[in-house]
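Chemist: Have a look at this one before I ask anything.
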Amino acid sequence: MMRKCTLLGLLTLAATACLLNTTAAAPASDLEKQYIDKITEWIPGMSDPDIPKRKDPQQALEKLCHEAGAPGKAAEREALCRAMMTKVGPDVPKPARIWILRKVEPLGRDEVVARLTELLRDEDADIRETARRALVNNPSPQAGASLRAELARADTSKWQIAMINGLAFRRDGQAVDAIAKLTSSPDDAVATAAVCALGDIRTPEAIKAVTALLEKPRPTLHASIAEAAMKCGEELIAKGSADQAAAIYERLYDKSRPESIRIAGFQGIAAARGTKALPMLFDVLNGDDARMRMVAARSIQEIPGDEVTRKLLAALGNAQPETAELIIDVLGQRGPEARQAVARLAREAKEPAVKDAAVLALAQLGDASAMDALLLIAKSSENATHRSVALRGYVRLAREQGGPEERLQTLTTAMSLANNADDKKLIVSAIGDIPSVKALDELMSLVDGDLHAEAFAAAVSVSKRIAGRNHAAALDAVDKLSRLTKTDSEKNAIDALRDALTSYCTSWMVSGPYKQKGKEGLETFDVVFPPEEPQGNVKEWKPLNVTNPDHPGHFDLGKGNNCCAYVRTTVISESEREVQMAFGSDDAIKVWLNGQLIHANKVNRPCACDQDKVKATLKKGENTLLIKVVQGGGDWAFCCAIRDPDGKPLTGISYKAE
Amino acid sequence: MTQRARVSRRTLLKRAAGALAVPYFVPAWALGRGGWLPPSERITVGFIGIGNMGGGHFDGFLEDKQLQVLAACDVRRDVRERRKEQADKKYAADRQAGDYKGCAAYNNFEDLLARDDIDAVLIAVPDHWHAIIACAAARAGKDIYCEKPLTLTIKEAWDLVDTVRRYGRVFQTGSQQRSDREFRLACELVRSGRIGKLQTVTVNIGEPSQEAYLPEQPVPEGFDWDRWLGPAPWQPYNAERCSGNYGGGWRKIRDYSGGMTTDWGAHHYDIAQWGMGMDGSGPVEIIPPNGKDVEHMTFKYANGVIMQRAQANGVLFSGTEGDIEVNRGYFQAEPKSIAEEPLGPNDVHLYKSPGHRQDWINCIRSRKRPICDVAIGASSVTVCHLSNIAYWLGRPIKWDPEKREIIGDSEASRWMDRPKRAPWRL
């Protein structure tokens, strides 16, 4: 959007350009004077009581700072910073002082430290705080010295904490002694800040101080000391002092600690000790604490090597079911080499326990390369349990591989190998994920048999998924299923699905997005784009796919900001009739029926079905329905249902989108 | 630690085989009790920040039978009280049965996090608060769903990763496009080489944030303005400054957000990184438009791929043998045959999420890392922040994705983090 520049703004920008063009030739002191003159000129604007008017001069200073801060412009940077420091005194209006200090924060070095240090004692609290932040982010060692000195002088807890936090941000090792003393402050907030700072600083002296705190922790500081200790442990591991780190973590793993700290301690021990921690890890993996078993599993996962893979498989043979699942999951995460080792063991292992475990692991690992091996075991193993486990693993992977037709074929193969009801039910359920008419046909052939419940549920699922492209097939299935219900739950499910298919339109064509330059938010609501025009030249109408299999009538329109899209369909009614049309939209919506605007709601909202209800009249035969959905930002969606005037499902109505 | 009694190998195998038999499709109406888990088995959740995004989640969480909302925290009294009432009404039956004590309303997130009976939190506060609250939640032993973009600065992002790992928390970043089928398929096809050698990625997102110049207004009754500002520099109250309006409000203001660069970059740059196989890594040079030879924000990757912020329907991957363009509810491949042949065993198969919230719930129970684990959120938001730094400074910057350092530009490096207004710290 074009913005009007004020005259001051234009002059400011022009002056900045002029100034920069002269910088290459001027010596530092002249340059500083030029900067001072410019900043002086901008100060009234930067402090204007009408806040929006501060924009141009403040942005001019910011632009100057960015350019002077570029690599290779050391002289300009220093001169500008010196110049800015002459304009932060109490003689300058506060808004300008604050802005200048904020611009110094990512730019200043040695040359600003003295003045900023003075400002730590300014009368105005905002000035003091802004100057503090400028010092905190200043790489000069003198800035650290100033903050340390100010910490020593701080006369309120709040200011002490501010200094401590700043020194922590800088990882200032020279502040450790002073900060360590403050860990015994009677003010818990100060003591906590001091402990946290030591954990951030993590020099050897800081680590020593934290370790000492672990010996006799003050109750109100337990959590802070624990975290500081963890950070120190991480530093020690990084520096190669694993034993020292492990000693810290072992203190944290104590049973008296809260669970989250014990977990951190345990993980730390594993990280510090590596493969030496395996006995402890496997001990916990086979223990009684469910949460710690999971933590142990994840820690083992982080330790590489074939030795660990073999130990996992050996452990699997004797594991309780919950632990077995964890081990299998860990094996699956250990990468292709581990999975190959498992496949080999599933075929060749001599120890029955390891072979059992390997078959189980192969069945549960998420790698498609295992499918051939699993199929072979399912067909030819002499062990019935292995055949069943392998078949289930094969089915699990088949659900994820290939397009609808390939998946159906794979699962049909699996069905021919299934020799017990549980396996067959699993396969039927998997077919329920396939969005195709052939899958629906397969399921319908099973509904009236031993697998009724599973086939029924799966057929409902597939009907929802194909509703957008094959509305007639979905509706036909619903009619057939309604005659085969055996429970109230099944009846309710079919009624709900019928409502979703008949009341909600699932066949749409979409065109868009449409934008107009300068129009933001919902402003395209009133703009007429080609789909609204009687002979509008619409570039493209495309089929809109079902985006929400659990609610085929609710459509996501993708991503966009400050735009709109149009969807259209043809409603075919067997008679002229009054109806209730119900719409949901994110965000605004307009609706035309047979070219007449019947609804408009300029609103910013999340989409839920049936948010707006409108009475309308359908004519016998074909009715054109056009909806405009306007997008401000965030989600973008709509839904549309047509019911009788009392809100009940209609018969004799269908939709056509082309 | 006591070893539990061993079971026979055959029994074990049969039990484990049984675990494989649970069908994936178990309709809610088949679970009984209308599908609701008993209160003792539900994951208890506290909400921190219940504006536009948080409000949408709140509505959805109340309908989720695996969850129970115990607390609503917001610095606006009317918001948190309204949500408290909403939850109390929803769970009225549980309350009658004595299974639910009611939803509590808090101004201060610390009070919510201090509760032992809350398992997890959903954080939907403005971006400048994300890191502080998420770190505090991790320390308090909570699992976390945090809205995107992950953080306000690069350093906050990686400090947050460290904290989450330290406490072994499950953390889902709210970049929910990774749980959508069309985005996953697009990335699988690209990474499987279906478009040949990837050459360019085009991402369509909006503008970076800027300073705001808004007149002072009276602070509304019941609004804790100082706490809303939190670690950000002090500014006078203005309704537009703190409005959660998508595409406007605080999202456009640099003290609180990276603008649309981060708000939508956390979606589309995230997908771009996923498609490029660059999770955990990033570009090596970021070049802002200069009005001359560089028309678009440009990212150069070490492998030669160029990403640009320019016109596309979502994310457009272009290779030597075709293109794939993907957005919410939209997928287009050119030539079409790229997507017609199904993926085979030797193709790249990416994490398949059952839905972003469900994935988080599953991972809370399994302790696995979810699809948008904190490190994924960090690596994606880093790309966003680098873009903004280059844009604001008006010059290219070079980045080392291994060391996570800006090379040769100390002013730019200082933009990787911002000191927080006292007394706030990470």
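The values are calculated or read from the model by the stated rules, or taken from the named source; none is laboratory data. Nothing here was measured: the structure is a model prediction, and the numbers come from that model. No Cβ is skipped: glycine too gets one built from the backbone with ideal geometry, and neighbour counts run over all protein chains shown. Side chains are part of the model used for accessible areas, which takes the heavy atoms of the whole protein and leaves out ligands, DNA and RNA. Shrake-Rupley method; radii C 1.70, N 1.55, O 1.52, S 1.80 Å.
Chemist: What is the mean number of Cβ atoms from other protein chains located within 10 Å of the Cβ atom of each residue in peptide B:198-208, rounded to a whole number?
Modeler: On the way: counts 0, 0, 0, 0, 0, 0, 3, 2, 3, 0, 0.
Going residue by residue through B:198-208 and averaging, the value is 1.
Chemist: Which whole number of Å³ per residue matches the convex hull of the alpha-carbon atoms in region A:366-423?
Modeler: Working: hull volume 4.2 nm³, N = 58.
That works out to 73 Å³ per residue.
Chemist: Another question about this same structure. Please calculate how many Å² of accessible area the protein assembly as shown carries per residue, with a 1.4 Å probe and no DNA, RNA or ligand atoms counted. Intermediate results must be reported in sequence, preceding the final value.
Modeler: On the way: 44360 Å² over 1084 residues.
For the protein assembly as shown, the solvent-accessible area averages 41 Å² per residue.
Chemist: Moving on to the next point. Amide H to amide H under 5 Å from residue B:420: which residues, 5+ apart in sequence or cross-chain, H placed 1.01 Å off N in plane?
Modeler: Counting only residues 5 or more places away or on other chains, the set is empty.
Chemist: While we're looking at this one, here's another question. How high is the relative contact order of region A:64-140, in percent, with contacts defined as C-alpha pairs under 8 Å that are six or more residues apart?
Modeler: On the way: 79 pairs, mean separation 22.1, N = 77.
Relative contact order here is 29 percent.
Chemist: Once phi is turned into ³J(HN,Hα) by the Karplus curve 6.51 cos²θ - 1.76 cosθ + 1.60 with θ = phi - 60°, what whole-Hz value does each residue of region A:209-216 show in order, with x for glycine and proline?
Modeler: Values, residue by residue: 5, 5, 4, 5, 5, 5, 5, 9 Hz.
Chemist: Using only Cα atoms, locate the centre of region A:588-603 and the centre of region B:227-245, then give the distance between them in Å, rounded to an integer.
Modeler: 37
Chemist: If you don't mind, another one. Around residue B:328, which amide H atoms from residues at least 5 apart in sequence, or from another chain, sit under 5 Å from its own amide H, with H modelled in the peptide plane?
Modeler: So residue B:328 has HN proximity to A:559.
Chemist: Once A and B are treated as a pair rather than alone, how much accessible area drops out, both sides summed, in Å² to 100, probe 1.4 Å? Write out the running numbers ahead of the final one.
Modeler: Details: alone 32120 and 20270 Å², together 44360 Å².
Buried area (both sides, nearest 100 Å²): 8000 Å².
Chemist: Find the centroid of the Cα atoms in region A:50-108 and in region A:508-580, then give the distance between the two in whole Å.
Modeler: 49
Chemist: If you don't mind, there's one more thing I want to ask. Using the Karplus equation 6.51 cos²θ - 1.76 cosθ + 1.60 (θ = phi - 60°), what ³J(HN,Hα) coupling, rounded to whole Hz, does each residue of region B:235-243 give in order, writing x for Gly and Pro?
Modeler: 9, x, 5, 8, 4, 5, 4, 10, 5
Chemist: Run through every distinct alpha carbon pair of chain A and return the Kirkwood hydrodynamic radius in angstroms, one decimal place. The partial results should precede the final answer.
Modeler: Numbers: mean 1/r = 0.0311 Å⁻¹.
Kirkwood hydrodynamic radius for chain A: 32.2 Å.
Chemist: In whole Å, largest first, what are the principal axis extents of the Cα atoms in region A:475-518?
Modeler: 59, 18, 11 Å, listed from the longest principal axis down.
Chemist: Among B:402-410, A:110-118, B:200-208, B:373-381, how do they line up from the highest to the lowest mean number of other beta-carbon atoms within 10 Å?
Modeler: Numbers: B:402-410: 14.2, A:110-118: 19.2, B:200-208: 21.0, B:373-381: 26.1.
Peptide ranking by packing, descending: B:373-381, B:200-208, A:110-118, B:402-410.
Chemist: Now, a different point. Can you give the Rg/Rh ratio of region B:66-218, where Rg is from the C-alpha atoms and Rh is the Kirkwood radius?
Modeler: Values: Rg = 19.9 Å, Rh = 18.7 Å.
Ratio of gyration radius to Kirkwood radius: 1.07.
Chemist: If the cut-off is 19 Å between C-alpha atoms, which lysines fall inside it for residue A:239, apart from same-chain ones fewer than 8 positions away?
Modeler: A:208, A:231, A:276, B:403
Chemist: Would you check the accessible area of residue A:310, probe 1.4 Å, heavy atoms only, in square angstrom rounded to 10?
Modeler: 140
Chemist: Now a separate question. Could you give the alpha-carbon Rg of region B:337-426 over 2.2 N^0.38 Å, rounded to two decimals? Provide the component values of the computation, followed by the final result.
Modeler: Values: Rg = 19.3 Å, N = 90, 2.2 N^0.38 = 12.2 Å.
Against the empirical 2.2 N^0.38 Å value, I get 1.58 for region B:337-426.
Chemist: Loop-only check: which trypsin sites (Lys or Arg not before Pro) in region A:207-239 are DSSP coil with at most 14 other Cβ within 10 angstrom? Intermediate results must be reported in sequence, preceding the final value.
Modeler: Working: sites: A:208, A:231, A:239; in loops: A:239.
Answer by residue number: A:239.
Chemist: Give me the net charge for the shell around residue A:478: Cβ to Cβ below 14 angstrom, other residues only, Lys and Arg +1, Asp and Glu -1. Can you show the working numbers first?
Modeler: Numbers: positive: A:464, A:465, A:480, A:483, A:491, A:498; negative: A:476, A:479, A:490, A:495, A:499.
With Lys, Arg at +1 and Asp, Glu at -1, the net is +1.
Chemist: What lysines does residue A:355 reach when the alpha-carbon gap must be under 23 Å and sequence neighbours fewer than 8 apart in one chain are set aside?
Modeler: By straight Cα distance, residue A:355 reaches A:311, A:379, B:14.
Chemist: Within region A:116-201, list the trypsin sites (Lys or Arg not before Pro) lying in a DSSP loop whose Cβ has at most 11 other Cβ atoms in a 10 Å radius.
Modeler: Working: sites: A:121, A:128, A:132, A:133, A:148, A:153, A:158, A:170, A:171, A:181; in loops: A:121, A:170, A:171.
When the trypsin sites (Lys or Arg not before Pro) of region A:116-201 are filtered for loop state and at most 11 Cβ neighbours within 10 Å, A:121 remain.
Chemist: For the cross-link pairs A:63/B:300; A:33/A:63; A:519/A:539; A:590/B:148; A:486/A:619, which exceed 27 Å when the distance is taken from alpha carbon to alpha carbon? Kindly include the intermediate steps, with their values, before the conclusion.
Modeler: Working: A:63/B:300 25 Å; A:33/A:63 18 Å; A:519/A:539 21 Å; A:590/B:148 31 Å; A:486/A:619 39 Å.
Where the Cα-Cα span goes over 27 Å, the pairs concerned are A:590/B:148; A:486/A:619.
Chemist: Hey, can you grab everything whose amide H is under 5 Å from the amide H of residue B:254? Only 5+ residues off in sequence or another chain; H modelled, so Pro and N-termini drop out.
Modeler: Under 5 Å from the amide H of residue B:254 lie the amide H atoms of B:210, B:211, B:212, each far enough along the sequence or on another chain.
Chemist: Using alpha carbons only, how many degrees (0 to 90, rounded to 10) separate the axis of helix A:259-273 from the longest principal axis of chain A?
Modeler: Tilt of helix A:259-273: around 80 degrees.
Chemist: Quick check: Cα centre of region A:337-353 to Cα centre of region A:446-489, how many Å?
Modeler: Between the Cα centre of region A:337-353 and that of region A:446-489, the gap is 42 Å.
Chemist: Here's another thing I want to ask about it. Looking at region B:324-356, which residues lose a minimum of 20 Å² of accessible area between their chain alone and all protein chains in place, measuring with a 1.4 Å probe and not counting ligands or nucleic acids?
Modeler: B:327, B:328, B:329, B:330, B:342, B:343, B:345, B:349, B:352
Chemist: Turning to a different aspect of this structure: What spacing in nm lies between the two simple spin-label points modelled at residue A:646 and residue A:492, each 7 Å away from Cα in the Cβ direction?
Modeler: Computed distance between label sites residue A:646 and residue A:492 equals 2.2 nm.
Chemist: Moving on to the next point. Would you compute, from DSSP H runs of 4+ residues alone, the mean residue ellipticity of chain A at 222 nm, taking -39500 (n - 2.57) per run and dividing by the full residue count, rounded to the nearest 500? If you can, show how the numbers build up before the last one.
Modeler: Numbers: 29 runs with 366 residues, N = 658.
Using -39500 (n - 2.57) per qualifying helix, the result is -17500 deg cm²/dmol.
Chemist: Follow-up. Rounded to a whole number, what % of the accessible area of region B:263-414 do carbon and sulfur atoms account for, probe 1.4 Å? Before the final figure, lay out each step's value.
Modeler: Details: 2750 of 5860 Å².
Heavy-atom surface of region B:263-414 belonging to carbon and sulfur, 1.4 Å probe: 47 percent.
Chemist: Relative to the first principal axis of the alpha-carbon coordinates of chain A, what is the inclination of helix A:55-68, with its axis defined by its Cα atoms, in degrees from 0 to 90 and to the nearest 10?
Modeler: Result, in degrees: 80.
Chemist: Only sites in a loop by DSSP and with at most 13 other Cβ atoms within 10 Å count here; which GluC sites (Glu not before Pro) in region B:177-237 make the cut? Display every interim value, and only then the final one.
Modeler: Working: sites: B:182, B:188, B:211, B:216, B:221; in loops: B:211, B:216, B:221.
Within region B:177-237, the qualifying GluC sites (Glu not before Pro) (loop, at most 13 other Cβ atoms within 10 Å) are B:216, B:221.
Chemist: With everything on Cα atoms, drop me the angle between helix A:321-333 and the longest principal axis of chain A, reported from 0 to 90° to the nearest 10.
Modeler: In chain A, helix A:321-333 runs at an angle near 70 degrees to the longest axis.
Chemist: Could you work out the local net charge near residue B:309, counting Lys and Arg as +1, Asp and Glu as -1, over the other residues with Cβ closer than 12 Å to its Cβ? Provide the component values of the computation, followed by the final result.
Modeler: Details: positive: none; negative: B:207, B:295.
For residues surrounding residue B:309, the net value is -2.
Chemist: Can you list the aspartates and glutamates whose alpha carbon is less than 13 Å from that of residue A:602, not counting same-chain residues fewer than 8 positions off?
Modeler: Partners found: A:523, A:526, A:586, A:587, A:612.
Chemist: Sticking with this one: Taking R0 as 60 Å, what's the FRET efficiency between residue A:620 and residue B:340 from their Cβ-Cβ distance, rounded to 0.05? Can you show the working numbers first?
Modeler: Working: r = 41 Å, r/R0 = 0.68.
Efficiency, from the Cβ-Cβ distance: 0.90.
Chemist: Mind checking the mean number of beta-carbon atoms from other chains within 10 Å of the Cβ atoms in A:196-203? Please report the intermediate quantities before stating the final value.
Modeler: Details: counts 2, 1, 0, 0, 3, 0, 0, 0.
Whole-number average of other-chain Cβ neighbours for A:196-203 is 1.
Chemist: Another question, then. Counting each DSSP H run of 4 or more residues in chain B as -39500 (n - 2.57), what helix-only mean residue ellipticity at 222 nm follows after dividing by all residues, to the nearest 500 deg cm²/dmol?
Modeler: -10000 deg cm²/dmol
Chemist: Can you compute the modelled spin-label distance between residue B:199 and residue A:29, with each label point 7 Å from Cα toward Cβ, in nm?
Modeler: 5.9
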